[in-house]
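The values are calculated or read from the model by the stated rules, or taken from the named source; none is laboratory data. Everything quoted here is computed from the prediction, not taken from an experiment. Reconstructed Cβ throughout: ideal geometry from the backbone, glycine too, with neighbour counts over all protein chains shown.
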Amino acid sequence: MRNSDLFLKNGSKIAIIGGGPAGTFFAHFASRYAKESGIDVSIKIFDRKNFCMKGPQGCNMCAGVISENLFNKLEEEKIHIAKYCVQRKIEAYNFVTPDDCVTLHHPVPGHIPKIVTVFRGNGPLSSSYEYNVSFDDFLLDHVQNQGAEVLPEIIKELKLPPKQGGPVKVIYGEGASRTECEADLVVGAFGVNTGMMERLGKMSFGYKPPKTVRTCQCEIMLSNDHIERIFGNRVFVFALGNKDIKFASITPKAGYVTVNLVGRTDLTRNNLIAFLNHQAVRNLMPKEWEIPESFCTCISKIPISYAKHPFADRVVILGDASISRTYKSGIEAAFNMAKLSAYTAFKHGISDRAFMNGYFKPAKRLLARDNVYGIFMLKINDYISSKRWIANTQIKMIKSEKDLKTANQINEILWNMLTGNVPYKEIFYKAMNPHLISRVLPVTCVAWVRQKLELVNVWLREHRYIKNA
Ligand SMILES: Cc1cc2nc3c(=O)[nH]c(=O)nc-3n(C[C@H](O)[C@H](O)[C@H](O)COP(=O)(O)OP(=O)(O)OC[C@H]3O[C@@H](n4cnc5c(N)ncnc54)[C@H](O)[C@@H]3O)c2cc1C
């Protein structure tokens, strides 16, 4: 039965909690679908964070790599990232082990990928850019130009309508103050670094937030000349054999590089210091470089599972707080989910059932199932990263001119894993290619035997069964 109350109509009010990518992309698509449907809705975005501020206060804490897929999707939506937001164009990735390094390129020869790096806020604490460089502020500006209103407020509480219907009550305000407004649809785009997740988790509609781990990142100031010479237009990704670290990268910007560490469990500043002190990282820094006494650093959470029941009548939750891509391209996932949920709200209604069928089930098909392949591929990646002899073997195979087909296959898998350019499922099937396995396996076995022989040799020397050369 169609409950006409649970559809958006002329005069409907939409309240979006959070002005990060998920919130602004929802506002973008809501404006578009409202226009297409010929209805006039009001869109209010609540976010107290001021993206014009420098440092963690204005930042939504991320490496700031805009994937090629997202770049193209934004262009299709006529969202052209402002030049002043673009810190650097990325053309390649460098894969670094303690002993070696290889440059990975886009699998299509000659194709220059449209990957760019940005700051989510207005740059690190010590920065002094001429314009406001914030990507999140740029997106907010874009949706304000489309008619959305931005309120610098923090949402405290939601009160769902009673059984007989009516709007959701949204309570916001600073400290003890409590201002109330009504919304026909509430969009939860509050990310995972907020108490809002737990508050909504305690409500009766069944929302269970995703599990998260704490990541660690910092911005290191370096001269433009040094960044240009050493990093160039390449993101550096490290496989240093550290079992605690799942992913470590250095992303070049203008005047800074962003260091990112994602661990198996919560990371701390100590992990960051250990990473910065690693010889493979020091090799990329200027001579005599020392870790600065103070630098812009943050510990932010990343989702490692997806939420349960992120919707109710008149409520939909998206972005990191709902369902995202495991460890990769979170902003693109927020874009896709914002489009799906806004389409559902305007075309199929704002009931629990509409969001279940139009948003969450397709989202799970798109992301959650793919994440299963992702988890498998990431486990293989973890194993390779923790065994430097395997990582070194792979690098040698890519660098070797002898077997170009295999080299290109490994390059393509690593490129797609690092850029998040294609679904994990596709990467999985490419990795299971019989030709690739038939080439990689024997070389890896030989490397394993060599490595074991070396260990035996070391043991024999240590126990003086053989003399040192
Ligand atoms: C270390 C790290 C590196 C990453 N690197 C990349 C990368 O390079 N590329 C990429 O695509 N993704 C990356 N991601 C993922 C990406 O940051 C997220 O997927 C993306 O920010 C999710 O967007 P969101 O809008 O859901 O949440 P957020 O970006 O977290 O935005 C949520 C917003 O809601 C606001 N808010 C919270 N609570 C309230 C409240 N009660 N009232 C009002 N407002 C509220 C916050 O102030 C915030 O502005 C990275 C993540 C981490 C942790």
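Only one of the numbered conditions (1) closer than 17 Å to Tyr306 by Cα; (2) out of contact with any Pro (no Cβ under 7 Å at 6 or more places or on another chain); (3) free of Cβ contacts under 8 Å to residues at least 60 places away in the same chain; (4) crowded, with 19+ Cβ neighbours inside 10 Å is violated by Ser341, and that is (3). Could you list, in sequence order, all residues of the range 315-338 that are at positive phi, surrounded by fewer than 24 Cβ atoms within 10 Å (Cβ to Cβ) and not polar (S, T, N, Q)? Residue satisfying the conditions is Tyr327 alone. All conditions but one from (1) among the hydroxyl-bearing types (Ser, Thr, Tyr); (2) within 15 Å of the ligand (Cβ to nearest atom); (3) over 17 Å from the mean Cα position of the chain (by Cα) apply to Ser67; the one that does not is (3).
From Val186, Val108, Val143, Val116, which residue is touching a Leu at 6+ places or on another chain (Cβ under 7 Å) and either outside any loop (DSSP other than H, G, I, E, B) or without any contact (Cβ under 8 Å) to a residue 24 or more places away in the chain (or both)?
On the way: Val108 fails: touching a Leu at 6+ places or on another chain (Cβ under 7 Å); Val143 fails: touching a Leu at 6+ places or on another chain (Cβ under 7 Å); Val116 fails: touching a Leu at 6+ places or on another chain (Cβ under 7 Å).
Result of the check over Val186, Val108, Val143, Val116: Val186.
Any residue at all in the range 414-430 that's out of contact with any strand residue (DSSP E or B) (no Cβ under 6 Å at 6 or more places or on another chain) and of a type in the set (Asp, Glu)? Yes, because at least one residue in the range 414-430 is out of contact with any strand residue (DSSP E or B) (no Cβ under 6 Å at 6 or more places or on another chain) and of a type in the set (Asp, Glu). Where strands (runs of 3 or more DSSP E) fall wholly inside the range 1-103, the ranges with 3 or more residues that are crowded, with 21+ Cβ neighbours inside 10 Å and not polar (S, T, N, Q) are 13-17, 42-46, 92-96. Residues that are within 14 Å of the ligand (Cβ to nearest atom), surrounded by fewer than 19 Cβ atoms within 10 Å (Cβ to Cβ) and hydrophobic (A, V, I, L, M, F, W, C) within the range 153-170 comprise just one, Ile154.
Take Thr326 and decide whether it is polar (S, T, N, Q) and away from the ligand (no atom under 15 Å from the Cβ). Here the answer is no, as Thr326 does not meet what is asked. Please determine whether any residue of the range 298-318 is within 11 Å of the ligand (Cβ to nearest atom), of a type in the set (D, E, K, R), out of contact with any Pro (no Cβ under 8 Å at 6 or more places or on another chain) and closer than 29 Å to Lys339 by Cα. Among the residues of the range 298-318, at least one is within 11 Å of the ligand (Cβ to nearest atom), of a type in the set (D, E, K, R), out of contact with any Pro (no Cβ under 8 Å at 6 or more places or on another chain) and closer than 29 Å to Lys339 by Cα, which makes the answer yes. What number of residues within the range 189-202 are more than 9 Å from the ligand (Cβ to nearest atom) and closer than 17 Å to Leu318 by Cα? Residues meeting the conditions: 3. Taken as a whole, the condition of being aromatic (Phe, Trp, Tyr), closer than 26 Å to Pro161 by Cβ and at pLDDT 95 or above does not apply to Phe236.
When Val150 is tested against (1) part of a loop (DSSP other than H, G, I, E, B); (2) within 16 Å of the ligand (Cβ to nearest atom); (3) in contact with a Gly (Cβ under 7 Å, 6 or more places away or on another chain), just one condition goes unmet, and that condition is (1).
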